[in-house]
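The values are calculated or read from the model by the stated rules, or taken from the named source; none is laboratory data. For clarity, every value in this text was computed on a predicted model and none was experimentally measured. Reconstructed Cβ throughout: ideal geometry from the backbone, glycine too, with neighbour counts over all protein chains shown. We work out accessible area using only protein heavy atoms, side chains counted, and drop any ligands, DNA or RNA first. Shrake-Rupley method; radii C 1.70, N 1.55, O 1.52, S 1.80 Å.
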There are 2 protein chains.
Amino acid sequence: MTNGTVITMDPHGTQIPDGAVAVKKDRIIWIGPMDDFSSENVPKIINARGGIIMPGLINAHTHAAMTCFRGLADDLPLMTWLNDHVFPAEATLDQEKVFSGALLACAEMILSGTTCFTDMYLFEDAVARAAKQAGIRAVVGEVLYDFPSPNYGTIENGFEYTEMLIDKWQRDPIINIAVEPHSPYLCSPDLLQKAANISWNHGIPLIIHLSETEREVRNIQRRYGKTPVNHLANLEILCPNLLAAHCVALTEEEIDLLARFDVKVVHNPQSNMKLASGIAPVPALMEKGVCVALGTDGCASNNDLDMFSEMDTAAKLHKVNTKDPTVLDAATVLRMATIESARALGLSQITGSLETGKKADIITINTSKPHLTPMYHPESHLVYAARASDVDTVIINGEVIAENGKLLKADIEQIMEKVRTIAMEIRTAQTK
Amino acid sequence: MTNGTVITMDPHGTQIPDGAVAVKKDRIIWIGPMDDFSSENVPKIINARGGIIMPGLINAHTHAAMTCFRGLADDLPLMTWLNDHVFPAEATLDQEKVFSGALLACAEMILSGTTCFTDMYLFEDAVARAAKQAGIRAVVGEVLYDFPSPNYGTIENGFEYTEMLIDKWQRDPIINIAVEPHSPYLCSPDLLQKAANISWNHGIPLIIHLSETEREVRNIQRRYGKTPVNHLANLEILCPNLLAAHCVALTEEEIDLLARFDVKVVHNPQSNMKLASGIAPVPALMEKGVCVALGTDGCASNNDLDMFSEMDTAAKLHKVNTKDPTVLDAATVLRMATIESARALGLSQITGSLETGKKADIITINTSKPHLTPMYHPESHLVYAARASDVDTVIINGEVIAENGKLLKADIEQIMEKVRTIAMEIRTAQTK
């Protein structure tokens with residue numbers, strides 16, 4: 001990658017105005033100014049033409065296959081939305097549909113500059129296969145809960161399915177497995193502790209929805225006499241490899257607990273806004289040193305997987321919420337979507353920043369567009385003005401996956417057509 | 001325009017799944033299903049290829065030439081941002097720079113599906129000329145305030161300049177003039193009343209910033225013993241052709257006053273969020289029957305002029321703010337950005353919806369993209385998933401201004417280069 005402003009997101013915040021990044025096989029082997037760049041022994045040069053060269057974005061929480069339900073139902077009370085639309089639609093899913101929906105999600109994510117995502121859903125082996133086929137790095141895990149799953153049946157089989165995923169994908173260069181109990185309200189204490197044990201045994205992330213709504217907090221308090229974070233603390237599963245999505249409804253004491261146990265948090269501002277769940281106390285979490293990643297959530301409640309618009313929303317939402325225009329500045333939000341998301345997934349040794357020795361997960365941004373002109377500060381543009389459609393080249397694990405905004409490995413028309421067919425079935429089922 | 005889902009935004013909310021729109025000269029002469037469409041006597045057919053055909057978006061509040069300051073300074077306390085960055089940068093402006101900045105803004109707006117915008121700034125004749133050259137419909141007015149203006153000097157000259165604009169542009173098919181006193185805090189009661197008289201004499205909009213922050217409310221209360229809306233009521237200038245931008249800090253009594261006098265309001269959610277101004281009580285205003293339009297504000301505080309992302313933010317922000325996921329549904333927000341914005345500008349007889357006899361201000365959206373697949377409800381996609389970059393064709397006043405996402409009339413490279421040069425001067429001045 002040559003002729004671009006290199007935004008490394010390394011610990012020093014290094015930026016190189018006219019720089020280049022050299023990749024060999026799957027790794028970054030050199031980063032520096034163009035003046036020092038030698039094209040000798042470089043098999044392929046990608047010219048950023050004055051744009052930005054940066055680490056790919058990391059979507060730290062989504063449900064990829066929910067692309068099938070994009071815009072199926074909006075603007076409804078939560079329970080109507082879930083019971084009358086999402087759950088009936090989900091009941092029609094199978095492995096093949098999840099594969100198609102996830103493949104569409106991968107295409108959308110890659111084209112919008114996301115090089116790694118974390119998924120929680122049903123039939124996750126199909127999601128892993130879709131990510132593998134699309135060439136995008138992923139952390140996937142089968143959702144676990146107390147009631148029978150359309151995929152694995154009883155929870156015992158759910159644990160087995162998770163162990164199968166771990167075993168099957170353990171040597172894959174881009175697919176990683178996590179253990180994913182749904183939430184304190186859909187998982188018994190026993191399920192949560194068993195899931196935690198599996199994650200500890202394998203040293204992999206434990207991912208959960210936590211304190212998404214006030215309603216959930218009341219529910220958990222009624223059942224266990226404790227707020228959700230205190231409930232997990234009591235079960236002794238707060239730990240550094242726990243990744244908690246949402247964390248909207250937290251007390252100060254719970255923020256302290258999350259910080260003390262180095263629990264990672266994923267912020268999903270657009271979904272929390274659209275479902276009217278509330279606003280996570282992100283500045284307060286950061287002040288206590290909690291690692292806060294960024295995610296889109298599923299696109300049934302967003303309705304896209306666009307990390308650029310998610311960054312923009314995150315930066316603006318907390319300013320108005322705290323009445324302080326200095327919180328979540330552009331650099332901070334960009335870290336959330338890159339290196340902090342990588343840390344949250346336990347992948348900061350290999351991705352999330354451009355550093356020599358790391359895997360080559362790199363994107364370029366075409367800044368020669370009216371809405372990115374002029375450019376005083378690249379980080380400001382990335383958060384407040386750039387769009388998903390400004391992504392030019394996408395390299396994941398050293399492989400060029402997209403160029404000039406087009407996918408190289410996938411037949412996008414065919415993927416879209418498959419999901420349109422699935423949507424037709426869902427629509428027919430819902431109008432019956 | 002053929003082969004598209006036609007979203008008319010007419011009073012009945014008519015949508016035609018496989019429809020066409022016929023244009024003759026500057027007007028829409030026919031709208032109907034493809035089966036009834038005849039291509040006889042149609043000089044040029046634009047095929048929407050299964051996408052969406054809809055009225056162009058109307059940006060009801062911006063400061064176009066502030067593209068020159070896009071991303072100049074962010075994430076700062078309001079007074080630091082204004083005094084150390086925006087005001088010094090504005091002091092370097094002249095007619096020519098405003099023309100270039102506005103032309104860049106017009107390019108950005110057209111490419112993102114905006115066919116009409118309202119502007120308040122200095123050197124507005126240059127903005128009118130830029131809009132005219134770009135071919136975009138505009139409502140422009142010179143900003144009026146108590147202190148001397150770099151453009152017109154004393155306020156007497158400001159009124160004369162406004163009269164000159166009215167006279168010069170009165171017969172133009174796409175340029176409209178408004179009278180634009182800046183705000184109650186920068187305009188004396190005398191200035192406000194004189195401005196209102198000019199607007200009434202000519203039957204044109206009177207546009208003002210109103211109650212943007214709590215700080216402004218305190219300021220006006222200290223000076224006049226009244227809240228801003230009550231202050232304007234006392235001056236007897238509340239009226240149906242008054243368009244008030246922001247309206248963030250309102251009491252219930254003030255909402256009632258705005259409703260009683262049919263004052264129009266422009267909501268600018270992203271700017272209000274970024275500057276931490278607050279959240280306008282849009283659902284409450286609508287409940288009282290106030291016409292609420294949508295705008296981006298200037299791109300120094302946004303940092304773009306993208307009405308698609310503004311719609312998405314508006315829809316989501318009020319849901320989380322009211323904790324009610326049913327407020328500002330997709331259809332409502334789409335009306336804000338089209339027909340309600342047209343009403344707010346006094347232009348609903350000619351634009352804001354696709355209806356026979358109205359001026360042809362039409363855009364098409366390419367929906368054959370991963371992030372717009374599948375499509376259950378077009379309105380949902382337009383608000384929650386579509387991006388500025390999905391705009392294909394833009395027709396304004398019957399003229400094709402953009403096709404396949406490219407401007408037909410303007411040399412975009414040259415426009416960007418001019419603004420880059422201006423930015424270089426601004427940067428040099430600021431680092432001195």
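Do we find that A:T296 is open to solvent by 10 Å² or more (accessible area, probe 1.4 Å) and either of a type in the set (G, A, S) or in contact (Cβ under 8 Å) with a residue 24 or more places away in the chain (or both) in this structure? No; evaluated as a whole, the condition is false for this residue. Go over the candidates A:T2, A:T62, A:T8, A:T67 one by one and state the one that is at pLDDT below 95 and among the hydroxyl-bearing types (S, T, Y). Being at pLDDT below 95 and among the hydroxyl-bearing types (S, T, Y) holds for just one of A:T2, A:T62, A:T8, A:T67, which is A:T2. Taking B:E355 as the residue in question, decide whether it is acidic (D, E) and open to solvent by 10 Å² or more (accessible area, probe 1.4 Å). Considered against the rule, which asks whether it is acidic (D, E) and open to solvent by 10 Å² or more (accessible area, probe 1.4 Å), B:E355 comes out as yes.
Residue selection: A:T332 fails the criterion of being of a type in the set (S, T, N, Q), facing chain B (nearest Cβ under 8 Å) and surrounded by fewer than 24 Cβ atoms within 10 Å (Cβ to Cβ).
Total residues in the range A:24-57 satisfying the condition of being touching a Lys or Arg at 6+ places or on another chain (Cβ under 9 Å) and in a strand (DSSP E or B): the figure is 4.
Scanning the range A:1-36 for residues that are open to solvent by 30 Å² or more (accessible area, probe 1.4 Å) and more than 20 Å from A:H377 (Cα to Cα) returns A:V23, A:K24, A:K25, A:D26, A:R27, A:I29, A:W30, A:I31, A:D35, A:D36. Taken across the range B:28-43, residues that are of a type outside the set (D, E) and under 25 Å from the mean Cα position of the chain (by Cα) do occur, with at least one present. Could you list, in sequence order, the residues of the range B:278-326 that are of a type in the set (A, V, I, L, M, F, W, C), over 13 Å from the mean Cα position of the chain (by Cα) and more than 8 Å from chain A (Cβ to nearest Cβ)? Passing the criteria: B:A280, B:V282, B:A284, B:L285, B:M286, B:V290, B:C291, B:A300, B:A314.
Rundown of residues vs (1) among the polar types (S, T, N, Q); (2) buried (at least 20 other Cβ atoms within 10 Å of the Cβ); (3) free of Cβ contacts under 8 Å to residues at least 12 places away in the same chain, yes/no style:
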{"residue": "A:L191", "(1), (2), (3)": "no, no, no"}
{"residue": "A:I208", "(1), (2), (3)": "no, yes, no"}
{"residue": "A:E212", "(1), (2), (3)": "no, yes, no"}
{"residue": "A:E216", "(1), (2), (3)": "no, yes, no"}
{"residue": "A:N219", "(1), (2), (3)": "yes, no, no"}
{"residue": "A:N230", "(1), (2), (3)": "yes, no, no"}
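The single residue among A:E379, A:E403 that is out of contact with any His (no Cβ under 9 Å at 6 or more places or on another chain) and more than 24 Å from B:F308 (Cα to Cα) turns out to be A:E403.
Only one of the numbered conditions (1) buried (at least 23 other Cβ atoms within 10 Å of the Cβ); (2) assigned to a helix (DSSP H, G or I); (3) under 24 Å from the mean Cα position of the chain (by Cα) is not met by A:H371, and that is (3).
Annotation: B:T80 fulfils all but one of (1) of a type in the set (S, T, N, Q); (2) within 22 Å of the chain's Cα centre (by Cα); (3) in a helix (DSSP H, G or I); the unmet one is (2). With the condition kept exactly as written, say whether any residue in the range A:356-365 is hydrophobic (A, V, I, L, M, F, W, C) and within 14 Å of another protein chain (Cβ to nearest Cβ). Scanning the range A:356-365 turns up at least one residue that is hydrophobic (A, V, I, L, M, F, W, C) and within 14 Å of another protein chain (Cβ to nearest Cβ).
Are any residues in the range A:389-414 more than 25 Å from A:K24 (Cβ to Cβ) and buried (at least 24 other Cβ atoms within 10 Å of the Cβ), and if so, which ones? If the condition is that a residue be more than 25 Å from A:K24 (Cβ to Cβ) and buried (at least 24 other Cβ atoms within 10 Å of the Cβ), then A:D390 is the only one that fits.
Checked across the range B:78-99, the condition of being facing chain A (nearest Cβ under 8 Å) and of a type outside the set (S, T, N, Q) holds for at least one residue. Of the residues making up the range B:119-169, those that are farther than 29 Å from B:D26 by Cα and under 16 Å from the mean Cα position of the chain (by Cα) number 1. Checked across the range A:72-83, the condition of being over 24 Å from A:R215 (Cβ atoms) and at pLDDT 95 or above holds for no residue.
In the set (1) in the same structural domain as B:A244 (by TED's automatic domain parsing); (2) open to solvent by 30 Å² or more (accessible area, probe 1.4 Å); (3) aliphatic (A, V, I, L, M), the condition left unmet by B:I350 is number (1).
Any residue at all in the range B:61-72 that is in a strand (DSSP E or B) and closer than 28 Å to B:Q349 by Cβ? Looking for residues that are in a strand (DSSP E or B) and closer than 28 Å to B:Q349 by Cβ, one finds at least one in the range B:61-72, hence yes. Of all residues in the range B:236-277, those satisfying the criterion of being at positive phi and either at pLDDT below 95 or within 14 Å of chain A (Cβ to nearest Cβ) (or both) are B:H246, B:A276. Listed by first and then second residue, the pairs linking a residue in the range B:403-427 that is more than 11 Å from chain A (Cβ to nearest Cβ) to a residue that is surrounded by fewer than 20 Cβ atoms within 10 Å (Cβ to Cβ), with Cβ atoms under 7 Å apart and 6 or more places separating them unless they lie on different chains, are B:L408/B:V400. Taking the numbered list (1) within 25 Å of B:G71 (Cα to Cα); (2) more than 9 Å from every other protein chain (Cβ to nearest Cβ) in turn, B:D392 passes all entries but (1). Looking at the range A:239-274, which of its residues are charged (D, E, K, R), in contact (Cβ under 8 Å) with a residue 40 or more places away in the chain, under 21 Å from A:A337 (Cβ atoms) and outside any strand (DSSP E or B)? Across the range A:239-274, the qualifying residue is only A:K274.
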